[in-house]
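Below: one structure in structure tokens.
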Amino acid sequence: MSRSELDSKAESLYDHLAELRKRLINCCLILVVATGICYGFSEYLFNIVREPIAHFLPEGGLIYTGPMDKFIAHLKLAFLSGVITSCPFWLYQIWKFIAPGLYSNERKYSAVFIVAGSALFIMGTLFSYFIVLPMAFEFLMGFGGDIDKPMISIDQYMSFFTQMSLMFGVSFELPLIIVVLGAMGIVSQAFLRKNRKYAVMLLAVAAAIITPPDVISMLMMLGPMWVLFEVAIFLVGFFERKRAAVAVNELE
């Protein structure tokens, strides 16, 4: 390989890293602004967040043992709310980073990427809030009889709630990630079908790690992820056929 080719590759890598740095900084700024705005509504939001576990608490509220615990919990809630409400904006930054790797006719799908990504992320967090968390608490709080009474700290609950919400939000982005990888030529429909059983196994392992240690929560995450994976296989094949049709038309 000649010196000029090496310099060209090094320059290309530098440009990619510089672009990645720019997009990461923009994402951080977006999250800081969104977190600051959402912090002003943290009291109202905490009443909503407390709802899935409220009827399991003897006094109807969470406890805190340190002077900073309540403040930190509200800060975590503001961050989580900021991530959710600003998802169209940080998804746009992700799109701007990956768009150069797509074909010119595929770059026009920016609005689809942002809308679909935002909808999937919000669906994941809502699925966690309305379905997974109530079922998980029903199992965990009822385990071992009703003699022992729970005293859940505000910090522990908010950490658990934030983790579950973000993990389900990110996991629901699975079809979008796979479709983008397919559009970039990294994966194909044939590859996904051939390795379906390994993918499902990896999804099961991920679900077991992310969710609480009970089978119900694991299955509640694995089920949607499997369905979304199958949807992604279909969409990758759809875009492959569309790309092939465009190529044929260009040759003609």
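The values are calculated or read from the model by the stated rules, or taken from the named source; none is laboratory data. Keep in mind that what you see is a predicted model, and the values were worked out from it rather than measured. So basically every Cβ, Gly included, is an ideal-geometry build from the backbone, and we count neighbours across all protein chains shown.
How many of the residues in segment 39-72 are under 18 Å from Gln163 (Cα atoms) and in contact with a Leu (Cβ under 8 Å, 6 or more places away or on another chain)?
Selection size over segment 39-72: 7.
Select from segment 122-135 the residues that are surrounded by 22 or more Cβ atoms within 10 Å (Cβ to Cβ) and either within 10 Å of Leu176 (Cβ to Cβ) or hydrophobic (A, V, I, L, M, F, W, C) (or both) and list them in ascending order.
Val132, Leu133
On to the next question. For Leu140, state whether it is at pLDDT below 95 and either crowded, with 21+ Cβ neighbours inside 10 Å or in the same structural domain as Trp226 (by TED's automatic domain parsing) (or both).
Working: at pLDDT below 95: yes; either crowded, with 21+ Cβ neighbours inside 10 Å or in the same structural domain as Trp226 (by TED's automatic domain parsing) (or both): no.
Here the answer is no, as Leu140 does not meet what is asked.
While we're on this one: In the set Phe113, Phe46, Phe79, which member is under 30 Å from Val236 (Cα atoms) and of a type in the set (Phe, Trp, Tyr)? Step through it out loud before you land on a result.
On the way: Phe46 fails: under 30 Å from Val236 (Cα atoms); Phe79 fails: under 30 Å from Val236 (Cα atoms).
Going through Phe113, Phe46, Phe79 in turn, the sole match is Phe113.
Another question about this same structure. Leu6: farther than 26 Å from Ala183 by Cα and at pLDDT 95 or above, yes or no?
Working: farther than 26 Å from Ala183 by Cα: yes; at pLDDT 95 or above: no.
The answer is no for Leu6.
Residues are listed down the side, and each one gets a yes or a no for (1) farther than 21 Å from Val170 by Cβ; (2) surrounded by fewer than 14 Cβ atoms within 10 Å (Cβ to Cβ); (3) modelled with pLDDT under 80; (4) touching a helix residue (DSSP H, G or I) at 6+ places or on another chain (Cβ under 8 Å):
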| position | (1), (2), (3), (4) |
| --- | --- |
| Ile209 | no, yes, no, no |
| Glu240 | yes, no, no, yes |
| Ala245 | yes, yes, yes, no |
| Asn249 | yes, yes, yes, no |
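Say we look at segment 135-173 and pick out the residues that are aliphatic (A, V, I, L, M) and more than 19 Å from Glu59 (Cα to Cα); which of these is nearest to the chain's Cα centre (by Cα)?
Here the answer is Val170.
Which of the helices (runs of 4 or more DSSP H) found entirely inside segment 147-235 contain at least 1 residues meeting this: acidic (Asp, Glu)?
Numbers: elements: 154-171, 174-183, 189-194, 196-210.
Here the list reads 154-171.
Check off (1) without any contact (Cβ under 8 Å) to a residue 12 or more places away in the chain; (2) closer than 29 Å to Asn26 by Cα for Glu59 and give me the number that stays unchecked.
Here Glu59 meets the rest and fails (2).
Counting only residues that are surrounded by fewer than 14 Cβ atoms within 10 Å (Cβ to Cβ), give me the helices (runs of 4 or more DSSP H) lying completely in segment 25-121 with at least 3 of them.
In segment 25-121, the matching helices (runs of 4 or more DSSP H) lie at 42-49.
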